[in-house]
1. Pairs only if they're at least six apart or on different chains, beta carbon under 9 angstrom, first in the stretch B:125-137 and free of Cβ contacts under 8 Å to residues at least 60 places away in the same chain, second acidic (Asp, Glu) and not in a loop (DSSP other than H, G, I, E, B); list them, first residue then second.
2. Among B:Ala195, B:Ala175, B:Ala161, B:Ala121, which is the only one that is surrounded by fewer than 24 Cβ atoms within 10 Å (Cβ to Cβ) and either within 30 Å of B:Arg337 (Cβ to Cβ) or at pLDDT below 95 (or both)?
3. Looking at the stretch B:137-154, which of its residues are buried (at least 23 other Cβ atoms within 10 Å of the Cβ), more than 14 Å from chain A (Cβ to nearest Cβ), outside any loop (DSSP other than H, G, I, E, B) and not aliphatic (A, V, I, L, M)?
4. Give the residues of the stretch A:303-337 that are away from chain B (no Cβ under 14 Å), within 17 Å of B:Tyr32 (Cβ to Cβ) and touching a residue at least 60 places away in the same chain (Cβ under 8 Å), sorted by residue number.
5. Starting from residues that are in a loop (DSSP other than H, G, I, E, B) and either more than 14 Å from chain A (Cβ to nearest Cβ) or out of contact with any Gly (no Cβ under 7 Å at 6 or more places or on another chain) (or both), keep the ones in the stretch B:203-220 and report whichever is surrounded by the most Cβ atoms within 10 Å (Cβ to Cβ).
6. Just give me the residues in the stretch A:375-394 being at pLDDT 95 or above and either surrounded by 23 or more Cβ atoms within 10 Å (Cβ to Cβ) or part of a loop (DSSP other than H, G, I, E, B) (or both), in sequence order.
7. Looking at (1) facing chain B (nearest Cβ under 10 Å); (2) farther than 30 Å from B:Thr230 by Cβ; (3) among the small types (Gly, Ala, Ser); (4) touching a helix residue (DSSP H, G or I) at 6+ places or on another chain (Cβ under 6 Å), which is the only condition A:Ala27 fails?
8. Looking at the stretch B:158-177 only, could you name the residues that are in a loop (DSSP other than H, G, I, E, B) and in contact with a strand residue (DSSP E or B) (Cβ under 6 Å, 6 or more places away or on another chain)?
There are 2 protein chains.
Amino acid sequence: MANLFHKQYLMTAGPTPIPPAVSQAMAQPVLYHRAPAFVEVYARCLSRLKDVFQTQNDVLVFAASGSGAMESAVANLVRPGEPVLVASCGKFGERWVELAEAFGAEVVHHDAGWGNRVEPAELERLLAEDSGVEVVFTTLSETSTGVVNDIQALTEVAHAAGALIAVDAVSGLGAVPIPQDDWGVDVVVSGSQKALMCPPGLAFAGVNEAALARAEESPGRRAYFDWGATATGQRKDPPDSPFTPAVTLFMGLDVALEMIEREGLEDVFERHRVLGRAARAAAKALDLDAFGPEDENANVVTAIKLPEGIDGAAVPKLMRDRFGVTIAGGQGKLKGRIARIAHCGYFAPFDIVTTFAAFEMTLRELGHDVELGTGVGAAQAVFLEAGVPAAAPA
Amino acid sequence: MANLFHKQYLMTAGPTPIPPAVSQAMAQPVLYHRAPAFVEVYARCLSRLKDVFQTQNDVLVFAASGSGAMESAVANLVRPGEPVLVASCGKFGERWVELAEAFGAEVVHHDAGWGNRVEPAELERLLAEDSGVEVVFTTLSETSTGVVNDIQALTEVAHAAGALIAVDAVSGLGAVPIPQDDWGVDVVVSGSQKALMCPPGLAFAGVNEAALARAEESPGRRAYFDWGATATGQRKDPPDSPFTPAVTLFMGLDVALEMIEREGLEDVFERHRVLGRAARAAAKALDLDAFGPEDENANVVTAIKLPEGIDGAAVPKLMRDRFGVTIAGGQGKLKGRIARIAHCGYFAPFDIVTTFAAFEMTLRELGHDVELGTGVGAAQAVFLEAGVPAAAPA
């Protein structure tokens, strides 16, 4: 029989699907990084990134994975032998611990538990106990569990205790609000391959003056990820990069950021809000629990607890191999226990429809009792309720 | 009048031009980095990289500029407060000094001078003086001057003194021979955007067991660029990456490495040899001196001393703005004094013809007395002498 499901769908929270216009831009002939044609793109990207970070600060760009931007925060803010606090609630939060330890920090680790939020009151209590902590590292959207933390409240608590705060927003930036300047977040790091709709390979760090000043006070132990060197280059007119920038990725980023600008950042957030709501409604209609607390802001990835009776690890594998729909399963201690449905970046209602249709069919194939269309129908209802644009004039 | 020169030509030594097949591969829909379809590409790239590095060692891959691979060598080999020796002969060699100092080394810096080679006898003398040196950092192809060092001899000298050697082959690897295992080079670092015919964004480090062992003895001060972590991931079956790999760049790299495999590495070197010879012959025919020593191995970029009477800084600018041909001028202390004609990666005879045609016309426009076609003609003669393949059977 013909394979009905030959067509492939990337539905993961990173790498996320790339808009065709972005792919086309990256396939253009490569430009010399010092040629005016590229410098123009580079300058425009740096400016557009500030809009997405909602900041007047420098948004420093590195050729690296998102983890490279996290390392830049650690390498520039950590001082060997001094304490820092990591407030984590999943795999990516724990990466802050590994990085900070590698750079010689005394790490005070608050593990809120996988699937929980970091509670601001708990952070406040810990900072009161450990008065020597000058930097707090935490996570906006914990991709391993779908949890989104209240960065505004955590920032207030950190600042009240006299500490800076650095936030991993790799999967959250551009999907859920983190207005850096309004909330006064000192450092926001992100990557190109999530809500910014580009391939992996560019890493970003929005850094305020306090963070830059702390870095400057303690030079060394870094070069590639040195904020001062990169800020100096980027502040030139025209802006410059201390190392060869990943030119094709910038060509794509320019187009992706223009798409975000055209859609409007608030509308981008609203789209993610509706997609998240639809995913949670679909899970509920299938009598499955979303992992983590009920949260109207958890709009990056929806982690769904898999039914007890089936082989959980088989779910993403079967969805991909049989139906051509690639989603992520659980990582680390959640392996085989959850399915992660992404809605981060270049995602739209019918991506949620497709993903849940494949998810339902997969559960049925694995022997779980599912009424086909139930989850999909619940998602459709959310979309209609959110409002459908009027038909274009004929 | 119509602009005859609207068509653009990238003739720099990095980023270098990208073959259309590579661009096309990168424009395909992005893959999830843990999906079998990508893991297959990833594994094949890791294996093909070993062929280009001519090694059985691990070739570790980072999402970074080439400088990131240099930093990995420093972060893994340097121990704070201990001496290392940097043998440099230009801008990129000096980057080793900056990196090693940032990581706390006591740097013994042998500056052979811009435009000179590093002399093995001089390295031998210095290592005899500074017996505490355990690592030597140097450069294969110094892109700022066109000089190519004798890495085989420098490796022998370093090893005789009991030191490891780490070589920046960012612009040299895949253009001029550096058979890592035959010569016993401990560390060879490179990047995607030079002879490997890809955009910037992937950095490589071919590391032997001695280098890995030294890194392992002194952990910390690094995470993103940690060799041990990356080697552990890459040695798994199937191979894995500790951080999200730059998937689209790998898609391109796979195609580029296949092109190198199909052409044959020795034929690739021979092509670069003929292109380098043609560029030097063209310069000579124009009564201009190649910068640096006469060298049959300097086949990555030809640096040409510009005539005294003209505004040297105007040469690359005019070539680009008037004729659409982008080359690089001099960097740092050579600004305005040289033009750098690249022949590194996806370059063929008519690229040299085009570049010298534009170069001659530019010199004429700037008031230098040039008989048009002289340099081009000398290059053509070299190409014919090198042999033209027989016509394909009709």
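1. B:Gly132/B:Glu106
2. Criteria check complete, one pass: B:Ala121.
3. Selection gives B:Thr138, B:Thr139, B:Ser141, B:Glu142.
4. A:Ala303
5. For the stretch B:203-220, the residue satisfying everything is B:Asn208.
6. A:Gly375, A:Ala379, listed by residue number.
7. The number of the failed condition is (2).
8. B:Ala163, B:Ala169, B:Val170, B:Ser171, B:Gly172
The values are calculated or read from the model by the stated rules, or taken from the named source; none is laboratory data. Source: prediction; values computed, not measured. Note that we place each Cβ from the backbone using ideal geometry, even for glycine, and neighbour counts take in every protein chain shown.
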